[in-house]
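Everything below concerns the one structure shown next.
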Amino acid sequence: MNTIRNFCIIAHIDHGKSTLADRLLEFTQTLTDKEKHEQVLDSMDLEREKGITIKSHAIQMDYLYNGTTYTLNLIDTPGHVDFSYEVSRAIASCEGALLVVDASQGIQAQTISNLYLAIGHDLEIIPIVNKIDMDAAKVEDVKDQIVDLLGCRRDDIIAASAKTGVGVDAILEAIINRIPPPVGDPNAPLQALIFDSVFNSFRGIIAYFKVFNGTLRKGDMVKFFNTNREYDADEVGILRLKMVPKDSISAGDVGYIISGIKDSSEVKVGDTITHVDRPCDKGIAGFEDVKPMVFAGLYPVEADDYEDLRASLEKLKLNDASLTYEPESSLALGFGFRCGFLGLLHMEIVQERLYREFDMDVITTVPNVSYSVYTTKGEVIDIHNPSGLPAPTLIDRIEEPTIRAQIITNNESLGSVIKLCIDKRGVLKNQVFLTTNRIELTFIMPLSEIVFDFYDKLKSISRGYASLDYHIEGHQVANLVRLDILLNGEMVDALSTLIHRDYAYNFGRRMCEKLKELIPRQQFDIAIQAAIGAKIIARETVKALRKDVTAKCYGGDITRKRKLLEKQKKGKKRMRQIGSVEVPQQAFLAVLKMD
Amino acid sequence: MSGIYIHVPYCKRKCHYCDFFSVEDARGMNEFANLILEELRLRKDYLPTEPIETVYFGGGTPSLLTADRIATMLNGIAKTFSISPLPEITLEANPDDLNPGYIRSLLDIGFNRLSLGVQSFDDNDLQQLGRRHNAKQATNAVDMASQLGFNNISIDLIYGLPYSSTNVWESNLRKAFRLPIQHLSCYHIIYEEGTPLQRKVFMGRVTPVDEAVSVEQFDLLHDLASQNGFIHYEISNLGKEGYFSRHNTAYWKQIPYLGLGPSAHSYNKTSRAWNPRSVDAWINAIKKGSIEAENELLSEKDILNEYLLTSLRTIWGIDNGYIAGTFGIDQANRIERVANKYMQLEILEKCDSNYRIKPKKFIVSDGVIADFLTE
C-alpha cells in the first residue's frame, strides 16, 4: 500500500486538466506512441468538443522512481457544476489533488469550490501553474493567488506546461513524495466506494471503486450497502487504458467490478461495496441519492417517433443514472416525456446525445426546477411540471430549491454582478477578497433563477471574467404563480411557467413579444396573451397575412408552383397546431431565447 | 380535347419585370415558323386527345412576326390535328405592333381573340416598366381591333407597382372598363429572380409597396370589375360571361396541351415536359429530331396536388366527390377537414358541391392551397 498514490486533478474548464493527464500517461509510458491521441480521458466525442469531462474516469499508471515502482491512480473528475456530487465522490477516493491553474486566467470559482471540497477531505494539494509557455502567462501573479488561497509556500507551486512537458517530472515526483499513501486494512471487512459507473453493451454496468478496507476477490459475493442488492463479482480488475482483470483488489487501490448488472440505477455513485458474508458495519460516509434538479418535457419532432424516443431514453439511462424520465402528454406537443436532469448542461448533453447517438430530434419545453407544494390538507407534492400545480385554493405554500452560489469576479464588474444576483432574488451572504482584484461572492439564490440565462449574463456583464459554482442549499417559501400563454384564447400547456409573482408581469410581456417574433403570420389575427389565472397581463397580436399569393399560374408555372407549395406544406407539417394556430417548434423554446 | 401553345421568344426590348423566356436578337426569326412546323411533325403524337379547342401564341412578342409566318404555323396545326368547330385562337400582341392591315390579316387567318400587353394607361408606369408603347397607343390599339372586328379582346394590367399609386391604378381600371374589352388579366407585380426590377429591389433602389396597398388595389380590382360585369374567375383573370380565356382555363382544368417553341411546356395528363430555354438549344434539338429537354412523370400525389393547386385558384374550386372517386375516400376526408377549417375562417365557401376560395380572398390563397396539398 505504501507504493500506491491516489490523486485527482482539480482544474477549471480549459485550464489544461486533460492535457496534463495525457502527459502523465505518456511520461509513465502507460500510453504508447501508437495509442496517443489527444485527450485520452475524454472519451465521448461530446466531451472532447465541449472541452469538459462529463463522466469521470480512472486510470492506473506505473512509475519507477528511485528504484521503486509506484502505482499511481489518477481519478478524473467531471468538470461541471451539474456533476458536483460525482466530483465529491472522486475526491473522497483520493489522498491528494493536483490543483491546476491556468497561468493566464488565474483561479476560477469552480476551482475554488472543488479545492475546498478536497481540503475538506484532507487531501494533500499540489498546486501547479499551467500553460507557462503562453504569452499571456502571469506566472507570478497566479502564484500570488495560490499562496493567498492555500497559505502554502511559494516553492511548493510547480510551474509547468502540460503542452510542452515542462515540469511534468516535477509533478510526478511531487505526487510520490508529497501525497501520502492510502491507509486501510486489507484484512478488515470490505468497504469500497463506488465513484463512477459506465455502461458497456456487452458487459453491463461496470462500477469503478476505491477500496477503503478489506480485499475484493474475483468470484466474491458482494452487497451494495445502500441499495442492499447482492451480486457475484464476475470480474474485478484495474483500469489501464483498457480494463485489466485481476484476482483481487486490496485496500488503498482503485479498480472496477463487473457483476452482470443491467440497470444503471442499481449502481449509485457514493454507494459502498461490501461482502455478503462478512459485511462492514456501515457504509462510507457521504452517500447521497442524487436527485434531478431541472425538469423539462422532451417531445419527438415527429409524433410517430414517440416509441423510438422511449427506447433511446432507456438506452441513455443505462450509462447515465442521473437522468430520469416519465411519460407525459401535452395538448400542444402530443406524447413525450418529462425528464429530470442534474442541471442545464446535463439537459443539453442529453439532448445532444439523443441527436447524435440515436438520431432523435426532440422539442424541449421550458425547463423548470422541482417545487414542493404544501397543500391545505397538509400533503407535500413534488411538482416537476407547471401543469401539475394544484388549484390555487388548495395550495398552502410552495417551496423552491435554493442554491449557494459562489462567484469569483473582479473589482470592475463587482457592482453589476451583485446587481444581477440581487435581480435574480439572490441574498449576499459573504464577500471575500482573494487578492486585491479578485472577490469571491457567496449568494443564496433560488435555483430557478439560474436555470435560464444567468450564466450567460454573468459572463457578459463581467466580460467573461466572472466564474460561477453552485451547490444545492435547501428550500425556501416562494411566492410563485403559474404564468400561462394563450393563443387565440387557447392555453398552450407547453408554454406555462412557474414564476415569482414580482417577475410575472415583465416576464409575460417579454414572452408575448418573443412569441410574436416567432409565430408566422397566418390567415387570421393571432392574439398572444400571458395570463395568471383568469387575468390577462400582457398581449401581442400577430396580424393576419393580407397578401399571400403569386399572380401567375399558367402552363409553364404549374410544376414550379406545385413544388413551392409542397415545400411550404412540409414546413407547416413541422409546426404544432394549437387550436387553429400553427406554432413553429422553436416557439416552445421562446423563453430560453429571450434577452 | 386539347390546346396548343406556341412560344414566340422574340422581343424588341425586354421589359424590366418579365421573366418569360425571350431574346432581344432576331436570330432564327425568319425560319421560326418552319421550325415550329418541324417540331409539330416531331411531336404530333404527344397529345392523348383531340380535337384542338384552343391555340395560343404567347411570348415573347408574337406580334413581331408577320401575318404570313403566323398563318404558316396555324395552317400547319390545322393540317396536323382535327380542330374543333369553334376554336379559340389567341395572339398576344404589343399595342404598338398593331395597325389596321395587320389586324385585318389576323382576322383573315382565323384569330378570334387578342391579348394586348397594355400593362398600364399611365405613361410614367409604362416607362418604369420598360415598355415600348405609350398610353395613347394602347387605347388606340384596343379601339382599332374592336372596330375592325375583334369582339374578344383581353388586356393585361399590372398593379402593386412601386412607382405608382392606388389612384393611378383606379384610373387604369376605369379606363379599361370604358374600352371595348371582354377580358382582363391583372397581375400584381412579381419581383422575379434575375429580372432588372428584382435587382433594383435587391439593391434597395426600389421599395415594393406596402402589403396594405397591395390589398387595397386588389380589392379595387375585384370591386370595379364586378360593377362592370366582369367575373373574377381566377386569381389574375377576369372576364365577361362567355369570354373567359378558354386556353388558360384549360391549364387549370387538367386539359392536355402541346407547347411548341423554346421553353414551352407541355402536359398530357400523365407527364409534363418542357423545351430547352434557349433558342439555339431548341433549334439543335429539332434538327437532331428529338425535342423534349426534360420530362417529369406525374405520380398520383403530383396529380392530386396539381388538381388542388390549379382548381383552388379558380371560382370553380375543387370537387370533393371527384377526389373521393379518383384518389380515395381518405383523401376526401382529409380535404373535408382542411376545408372545414377554412370555411370557419370564411376564406372558403361551398358552391354547389365544390369548395372554392372566395374571390375576395384570392389574395391569401397560397397558404390555403399549401394546406390542402397531400404529402
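The values are calculated or read from the model by the stated rules, or taken from the named source; none is laboratory data. Model, not experiment: these values are computed from the prediction. Note that each Cβ is placed from the backbone with ideal geometry, even for glycine, and that neighbours are counted across all protein chains shown. Note: accessible area is taken over every heavy atom of the protein model, side chains too, but ligands, DNA and RNA are not part of it. Shrake-Rupley method; radii C 1.70, N 1.55, O 1.52, S 1.80 Å.
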Probe radius 1.4 Å, ligands and nucleic acids left out: can you give me the accessible area buried at the B-A interface, summed over both chains, in Å² to the nearest hundred? 3500
Rolling a 1.4 angstrom probe over the protein chains, ignoring ligands and nucleic acids, what is the accessible area of A:M221 in square angstrom, nearest 10? 80
With every protein chain kept in place and ligands, DNA and RNA left out, what is the accessible area per residue of chain B? Probe 1.4 Å, answer in Å². 40
Calculate how many DSSP beta bridges within chain A are antiparallel, expressed in % of all such bridges and rounded to the nearest 5. 85
From the Cα gyration tensor of region A:321-451, with a ≥ b ≥ c the square roots of its eigenvalues, which class applies: rounded if a/c is under 1.5, or else prolate if a/b is larger than b/c, or else oblate? oblate
Under 13 Å from A:K429, Cα to Cα: aspartates and glutamates that are on another chain or at least 8 residues apart: A:E440, A:E473
I need the GluC sites (Glu not before Pro) found in region A:324-426, filtered to DSSP loop residues with at most 15 other beta carbons within 10 Å of theirs. A:E379
Taking 25 Å as R0, compute the FRET efficiency from the Cβ-Cβ separation of B:H16 and A:R521 and round it to 0.05. 0.30
For region B:258-300, state which residues have at least 30 Å² less accessible area in the presence of all protein chains than in their chain by itself, taking the probe as 1.4 Å and leaving out ligands, DNA and RNA. B:H265, B:R272, B:E296
Between the DSSP loop rule and a limit of at most 10 other Cβ atoms within 10 Å, which trypsin sites (Lys or Arg not before Pro) in region B:152-245 are left? B:R205
Roughly how many percent of the accessible protein surface of the protein assembly as shown is carbon and sulfur, given a 1.4 Å probe and a whole-percent answer? 48
Could you sort the residues of region B:358-375 by number and keep only those whose accessible area is reduced by 30 Å² or more in the all-protein-chain setting relative to the chain alone, 1.4 Å probe? B:I363, B:V364, B:D366, B:G367, B:A370, B:D371, B:L373, B:E375
With just the Cα atoms defining each centre, how far is region A:298-333 from region A:367-394? Give it in Å. 23
Could you check the spin-label model distance between B:D45 and B:E24? Points 7 Å from the Cα along Cα→Cβ, value in nm. 4.3
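Rounded, prolate or oblate: which one fits region A:191-275, using the alpha carbon gyration tensor with axes a ≥ b ≥ c (rounded when a/c is under 1.5, else prolate when a/b beats b/c, else oblate)?
Since a/c stays below 1.5, the shape of region A:191-275 is classed as rounded.
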Using only Cα atoms, find the angle between the long axis of helix A:109-120 and the longest principal axis of chain A, and express it within 0 to 90 degrees, rounded to the nearest 10. 40
For B:R174 and A:A534, what does the FRET efficiency come to when R0 = 56 Å and r is the distance between their Cβ atoms, rounded to the nearest 0.05? 0.55
Distance in Å, no decimals, from the C-alpha centre of region A:519-588 to the one of region B:43-71 is 42
Residues hit by the 50 Å² burial cutoff in region A:504-541, accessible area with a 1.4 Å probe, assembly against chain on its own, are A:Q523
Violations at 30 Å Cα threshold for listed pairs A:K218/A:K268; A:K138/A:K210; A:K246/A:K268; A:K17/A:K210; A:K138/A:K424 -> A:K138/A:K210; A:K138/A:K424
Cys residues of chain B counted as unpaired, since no other Cys beta-carbon is under 4.7 Å: B:C11, B:C186, B:C351
Sorted by chain and number, the residues with a modelled amide H under 5 Å from that of A:D271, at a separation of 5 or more or across chains, are A:I194
I'd like to check one number: the per residue accessible area of chain A, probe 1.4 Å, reported in Å² as a whole number. 42
So if I take the centroid of the Cα atoms in region B:168-203 and the same for region B:215-255, what is the distance between those two points in Å? 15
Around A:P245 (Cβ within 13 Å, Cβ-to-Cβ, excluding A:P245; K/R +1, D/E -1) the net charge comes to +3
For each pair in B:K44/B:K360; A:K514/A:K535; B:K12/B:K175; A:K547/B:K350; A:K547/B:K14, compute the distance between the two Cα atoms and list the pairs where it is over 31 Å. B:K44/B:K360
Let me make sure I get this right: for the protein assembly as shown, a, b and c are the square roots of the gyration tensor eigenvalues over alpha carbons, sorted descending. Under 1.5 in a/c it's rounded, otherwise prolate if a/b > b/c, else oblate. Which is it? prolate
Calculated from DSSP helices alone, with each H run of at least 4 adding -39500 (n - 2.57) and the total divided by the residues of the protein assembly as shown, [θ]222 nm to the nearest 500 comes to -9500 deg cm²/dmol
Nearest 0.05, what FRET efficiency do A:K291 and A:Y374 give at R0 = 22 Å with Cβ-Cβ as r? 0.75
Considering only protein heavy atoms, what is the solvent-accessible area of A:E235 at a probe of 1.4 Å, reported in Å² to the nearest 10? 30
Can you give the accessible area of B:V168, probe radius 1.4 Å, in Å² rounded to 10? 30
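Trypsin sites (Lys or Arg not before Pro) within region A:331-440: which are DSSP loop residues with at most 13 other Cβ atoms inside 10 Å?
A:K377
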